[in-house]
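Notes follow the structure.
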Amino acid sequence: MLPRFISLSRPFAFAPSSSFCSWSITKTHIRTYWKTRFPAVLVPASRQQGIPTALFVRMASGGQSFPPQKQGSQPGKEHQMDPIPQYARSDYKPSDKLRGKVALVTGGDSGIGRAVCHSFVLEGATVAFTYVKKQEDRDAEDTIQLLKKSKTVDAKEPIAIAADLGYDENCKKVIDEVVNAFGRIDILVNNAAEQHKAGSVQEIDEERLERVFRTNMFSYFFATRHALKHMKEGSSIINTTSINAYKGNAKLLDYTATKGAIVAFTRGLALELVNKGIRVNGVAPGPIWTPLIPASFDEEEVANFGKEVPMQRAGQPVEVAPCYVFLACNHCSSYITGQVLHPNGGAIING
């Protein structure tokens with residue numbers, strides 16, 4: 001008899017409402033299943049900070065594929081994905097790296113944002129995050145419950161704020177709400193994003209271009225300029241860019257342009273704020289299994305997502321989140337500013 005395992009029908013179901021069951025199965029069954037669906041190291045289900053965690057993929061897993069799936073609209077919905085992206089892992093050992101800090105994560109309801117929020121609360125931070133009203137209500141609620149169960153005793157209750165961050169006045173309202181609740185902002189993670197596939201630059205009209213830049217780039221400017229009024233020496237700004245900023249992507253031209261702009265924004269802002277003792281860095285993820293993927297690509301592209309990198313698999317949000325913890329923690333990265341980390345499965349981009 002083997003230990004309890006997460007239901008094989010939804011092997012990455014980590015949301016607090018996920019169902020669990022006890023199965024009596026053979027090792028051969030497990031090996032056969034994962035060889036055909038998602039080669040991985042199978043770890044018995046356990047609980048850390050009250051959050052179920054299990055099933056962490058091994059470093060290189062050639063032949064990985066996802067079930068064909070597509071979501072019909074942006075933003076994508078994490079609770080509809082199969083498998084659910086991993087935001088936690090049982091062997092993560094927090095050590096109060098962010099104790100007493102206040103963090104705001106834009107787009108924190110799902111994907112990389114959810115994993116970052118979760119890692120931050122495990123490290124002692126008080127966390128606020130933003131999400132898109134109506135479209136992301138379910139994911140936001142799942143995340144807020146996750147953070148409440150995972151936070152340290154001395155951290156304040158997390159808050160979720162609905163906002164369209166593409167407009168300056170909305171960003172100001174978000175910053176004001178966080179400051180009214182927690183008094184300051186120590187860590188700002190600019191992470192909100194959208195992407196849409198296009199076959200040609202001729203398909204991208206002015207309306208779409210403006211929309212993508214508002215979400216992916218304008219929001220970073222607006223949130224930063226209002227947050228800086230409440231940040232002091234020792235604070236940190238972390239911007240999410242992308243591997244596409246370095247290698248390009250013909251199918252995501254407008255998205256790629258915004259991510260290149262974010263790299264330049266990060267470097268310039270770091271130079272501006274260095275004398276104030278505020279560090280500015282970025283993270284450029286490679287192919288990561290987030291709601292953007294089934295919301296952007298067709299079923300065949302989703303099934304083969306991530307196979308192009310040397311590790312031959314997509315990464316999980318939990319594999320990216322430690323980059324943000326490192327950059328947010330002063331005693332880990334006090335001599336680092338204007339830099340970008342590259343969790344991308346081994347792609348060499350020399351950026």
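Set side by side, the residues Val318, Val309 differ, and just one is at pLDDT 95 or above, in a loop (DSSP other than H, G, I, E, B) and either more than 17 Å from the chain's Cα centre (by Cα) or surrounded by 21 or more Cβ atoms within 10 Å (Cβ to Cβ) (or both), which is Val309.
Please state which one of Ala193, Ala227, Ala245 is buried (at least 20 other Cβ atoms within 10 Å of the Cβ), touching a Gly at 6+ places or on another chain (Cβ under 6 Å) and aliphatic (A, V, I, L, M).
Numbers: Ala193 fails: touching a Gly at 6+ places or on another chain (Cβ under 6 Å); Ala227 fails: touching a Gly at 6+ places or on another chain (Cβ under 6 Å).
Unique residue meeting the criteria: Ala245.
Quick one: is Gln86 at pLDDT 95 or above and assigned to a helix (DSSP H, G or I)? So Gln86 does not fit the description; no.
Residue by residue through region 103-146, note down the ones that are crowded, with 24+ Cβ neighbours inside 10 Å, touching a residue at least 60 places away in the same chain (Cβ under 8 Å) and in a helix (DSSP H, G or I). Gly111, Ile112, Gly113, Arg114, Ala115, Val116, His118, Ser119, Phe120, Leu122, Asp139, listed by residue number. Looking only at residues of region 196-216 that are touching a Ser or Thr at 6+ places or on another chain (Cβ under 6 Å) and open to solvent by 10 Å² or more (accessible area, probe 1.4 Å), we find that the one that is farthest from Ile175 (Cα to Cα) is Lys197.
In the condition set (1) open to solvent by 10 Å² or more (accessible area, probe 1.4 Å); (2) closer than 24 Å to Tyr131 by Cβ; (3) touching a residue at least 60 places away in the same chain (Cβ under 8 Å), Pro294 is compliant with all but (1). Within region 147-162, the set of residues being buried (at least 20 other Cβ atoms within 10 Å of the Cβ), of a type outside the set (D, E, K, R) and either modelled with pLDDT under 95 or more than 17 Å from Ile185 (Cα to Cα) (or both) comprises Leu147, Ser150. Contact map, region 328-351: residues that are in a loop (DSSP other than H, G, I, E, B) paired with residues that are acidic (Asp, Glu) and open to solvent by 20 Å² or more (accessible area, probe 1.4 Å), Cβ distance under 7 Å, separation 6+ or inter-chain. Pairs shown: Pro343/Glu319.
Could you tell me how many of the residues in region 175-222 are of a type in the set (Lys, Arg), part of a helix (DSSP H, G or I) and in contact with a helix residue (DSSP H, G or I) (Cβ under 8 Å, 6 or more places away or on another chain)? Steps first, answer last, please.
Keep residues of region 175-222 that are of a type in the set (Lys, Arg), which gives 184, 197, 208, 211, 214.
If we keep only those that are part of a helix (DSSP H, G or I) as well, we get 208, 211, 214.
Among the residues that remain, those that are also in contact with a helix residue (DSSP H, G or I) (Cβ under 8 Å, 6 or more places away or on another chain) are: 208.
Result for region 175-222: 1.
The values are calculated or read from the model by the stated rules, or taken from the named source; none is laboratory data. Just so it is clear, the structure is predicted and the values come from calculations on it, not from any experiment. Here the Cβ is made from the backbone with ideal geometry for all residues, glycine too, and neighbour counts use every protein chain on show. Remember, those area values only see protein heavy atoms, side chains included, never the ligands or the DNA or RNA. Shrake-Rupley method; radii C 1.70, N 1.55, O 1.52, S 1.80 Å.
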